[in-house]
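Data block below; observations after.
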Amino acid sequence: MSAVSRVPTWLDHLGTRGDLPTYLGALLATASWYYVVGTTIGSDEYVELMLAVTALGFAFSFWTRGLSTPRAVAWVEWWAHGGGALLRTALFVTVLLGAFNIGPLPSLLPEAARGQEETVMGAVFVWGMTIYSFGVVTDGFVAFSSVLGTSMMGLMGGDNINPEIGVGFLFFLLGNLLMLGNMALVAHAGRHRRGPTGRAMARWVGDQFIVAGITVSLSAGLGLLGGMVLQVVSPRLLVPGMRLAGQLALKPGPMTAPGFAAFANEMSVGQGSGPGAEVPVFRVRCEKRLLWRRRVYDHFEDRTWSVWASDTSRLPQPLKERLTVASNDTRARRDGPVTLVRQQFDFVARAEFAAAPYVVSITFGRPRHDAGFDVTVYGDVALAMAPDEVLNVESLVPTPSIEQLRAAPPARRDEFETFLIVPTTAAEAVEKTAALVAGTARTPYDQAVEIQNYIESNFIYDDTARVPESSPSIMEYYLTHRRGACDLIATAMALMARARGIPARVVSGYATGDPQPDGSYQVCLKHAHAWAELYFPGCGWIAFNPAVPGDDLTPVAGSAAGAAWLHLRWNSILAAALACWLLVYALRERRRTRPRFDTAPPGVVARAYHLAQRHLARRGLGRRRWETPREHLDRLAAEMPGATFQPACAELVGIYERVRYGLGAVDEAQAAAAEAAGRALARELRRMKRVPR
């Protein structure tokens, strides 16, 4: 008799090693977060080399796990849990110490990763995963690699606003789906000799992918929640080692204001301000909503604004009750029409003086005995303020009309050469965008308005966004990704204006603040701000603040949750498509698994019995898999003697048995009786919920 050929099952196609897809999925997930780390620190060569070594480590672990001789198994046990684990740990500690220039080995991290805590940590994690990959000889060890990847995705995603991070997370998710789905599939194969086949196999794979996807999503959600909690709690608890939004303290009295209001002669751009703190710096009374200027910067190079001109000039008169700045009076009236604005400041934190330009007089609430004070070349008063200090300030604020601004002629390049320089690293991106946005506007003022409208309409204010150190042109990066804090927005406004021949500079200080019931404005740490000032002949230096549209001069306060949502916007289409697929799959599976009953009397009886079983199951009284309907009824009678639902249940089971076992024909009257018994059973079960057992 000829041998009968056996049809290969799904397990045969996996070969003798069903864990191969598990390792491939873990390697794909690892390569994805390596890619994200590489794009963040700007060192592709480093992650490519480490990925090659990691792939070798996964291959070594996969081969090691397949050893089956007793001696080899003992060696694998030692390598995974014994001395081998200690050796790998010692190697990682040596690399970690070398990163901080401690120990025998020099730093093995790439040069691009040094200088920032996040990039150093990312490079160290890559080293750790590379070493760890040589010991993943169990499913648990392989799955733990996903935890390392999730941590790095969260850390890098907070500082990297590249859209590529969404692609990396997508492949990271796919790798985890393959890994977790195959682990579940192999576990199922270990419990059954034959696995699912045909359509059942497709449904099984779909179910496992859904379970794996939910697992990864929950992990990501918990990571996001933890990040939100840390962002809220860390400024209050001063967690060691965390980068905070300035020097914070538990009491507002002895605090120094951080952020854009703390830069001296130079202001760094593209580092993000982080979530602002609701800690007051000063309270000001003023009849107008104004920006409180502290320092002007005229030269931009690489990532830094500075002052090319002589920064300060010492005025000899000592400070007493009143201070006058005659040079500001001359400067303001020379530039164009001005209006006298009075302000009253009440400082509650140690900070540098800031007020509306141009300050012409300051009256102190208590006498001061300073030897003198500084006035910058652009008229800003450099003066340190102590807590509880009150002063009245008079400023001459430029107030030209729209008609005067539109009538202003172009500025002469020889007079404003300093304010028209666009650095080489930004020239190409800035000039191209400025020409596209404002090339058709007739007057310099109209061009400035077009630039401001373009920024307000197309850029997102995100005070947690940071430009990677590896980016060669900070403006090209920002104009491409269109998300950043007010320093990037002000820089873009100023440089695009310069590209159109409009003199421009950047200013640091504070936004207006939060209005109070008494008519004053409370200015907090979160209001530290930067904006642009553009010059129009005959009108003076006019503030342009495109960080927020319209008349609201207060920047949008950032939050971890808002930033996380902005990061997720790159994947919104993918998330919507995945949600639609899950919905269609769930509806199709529900329709497939939902029992269908005929409209004839036997079908009506079967439907009534099925509904009754659902009601009983909700009460924990459902039928067990090995029980017949009669055995189920007998068990309920023994466990709950005298229960009010028993008669209806017995009547329904008696009719159902005729249908289930073909004991006789069932007519419409019996079908109606079965439906009535089912309704009575449900009614009695509902009553039982109100009766204590």
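The values are calculated or read from the model by the stated rules, or taken from the named source; none is laboratory data. Quantities reported herein were computed from a predicted structural model and do not represent experimental measurements. Please note: Cβ atoms are built from the backbone with ideal geometry, for glycine as well, and neighbour counts cover all protein chains shown.
Values computed for the structure shown
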| read-out | value |
| --- | --- |
| Filter pass, VAL76 being under 36 Å from the mean Cα position of the chain (by Cα) and assigned to a helix (DSSP H, G or I) | no |
| Index of the failed condition, ARG366 passing every other in (1) exposed (fewer than 13 other Cβ atoms within 10 Å of the Cβ); (2) within 42 Å of the chain's Cα centre (by Cα); (3) more than 18 Å from GLY336 (Cα to Cα) | (2) |
| Residue list for the range 622-649, filter: closer than 18 Å to ARG687 by Cβ, without any contact (Cβ under 8 Å) to a residue 24 or more places away in the chain and surrounded by 14 or more Cβ atoms within 10 Å (Cβ to Cβ) | LEU636, MET640, GLN646 |
| Some residue of the range 310-320 being of a type outside the set (Val, Ile, Thr) and modelled with pLDDT of 90 or more | no |
| Residues (in contact with a helix residue (DSSP H, G or I) (Cβ under 7 Å, 6 or more places away or on another chain) and surrounded by fewer than 19 Cβ atoms within 10 Å (Cβ to Cβ)) located in the range 451-468 | ILE460 |
| Residues satisfying the stated conditions in the range 650-688, i.e. free of Cβ contacts under 8 Å to residues at least 12 places away in the same chain and part of a loop (DSSP other than H, G, I, E, B) | TYR661, GLY662, LEU663, GLY664, ALA665 |
